[in-house]
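The values are calculated or read from the model by the stated rules, or taken from the named source; none is laboratory data. On a predicted model such as this, the values are computed, not experimentally measured, just so you know. As a convention, Cβ positions derive from the backbone with ideal geometry for all residues, glycine included, and neighbour counts pool all protein chains shown.
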Amino acid sequence: MHNSDNEPKTYPEGDFSFISNNSLFKNKLSNMYKAITLLKLWSFMETIPTPQTESMYWVHPSICSIEDHPLVQNDKHMNHSFEMCIGAMRTIKGVGWKTYVKEYLDLMNCILEEPKGKEEEKMLTELEMFDRAFDEIIHVSI
């Protein structure tokens, strides 16, 4: 929704359409956001402990509730995609929706628009490779 030509587009809370490139990850974020909202676990996102071990997430009852929600179950997460989405939800709760969207878009604009030297081109290539690899991993898990 544009308020005027000079104002940036705004996105309603939970609308991940600003993520243009990895649609599967975008869907996973959207579904987890909806599940946390339906389960009324946003206050938990504020207090969720940082995992000390890889399996720590899997034993907390609230995390299990999120993981078992049909929207999240249908996404067929692998451990790392689940953890990445939980991390994004923690960030959204911590900084707020508008700040999360703005920081994401600012980061993407920096990556895509700045002139790139050899090191930056290499980093962008690695980022693109990671994005493609993540997308392929998700396809394999489906």
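Among (1) surrounded by 13 or more Cβ atoms within 10 Å (Cβ to Cβ); (2) in a helix (DSSP H, G or I); (3) modelled with pLDDT of 85 or more, where does Thr99 come up short?
Only one criterion in (1) surrounded by 13 or more Cβ atoms within 10 Å (Cβ to Cβ); (2) in a helix (DSSP H, G or I); (3) modelled with pLDDT of 85 or more is unmet by Thr99, namely (1).
Thr47 versus (1) in contact with a Phe, Trp or Tyr (Cβ under 7 Å, 6 or more places away or on another chain); (2) closer than 17 Å to Gly96 by Cα; (3) at pLDDT below 90: which is the lone unmet condition?
Every condition holds for Thr47 apart from (1).
Pro115 is checked against (1) part of a helix (DSSP H, G or I); (2) modelled with pLDDT under 60 and fails just one. What number does that condition carry?
The single condition Pro115 does not satisfy is (1).
Restricting to segment 66-81, what's the tally of residues that are surrounded by fewer than 20 Cβ atoms within 10 Å (Cβ to Cβ), more than 15 Å from Lys26 (Cβ to Cβ) and not charged (D, E, K, R)?
6
Of the conditions (1) among the hydroxyl-bearing types (Ser, Thr, Tyr); (2) modelled with pLDDT of 90 or more; (3) not in a helix (DSSP H, G or I), Ser65 clears all except one; give me its number.
Unmet for Ser65, out of (1) among the hydroxyl-bearing types (Ser, Thr, Tyr); (2) modelled with pLDDT of 90 or more; (3) not in a helix (DSSP H, G or I): (3).
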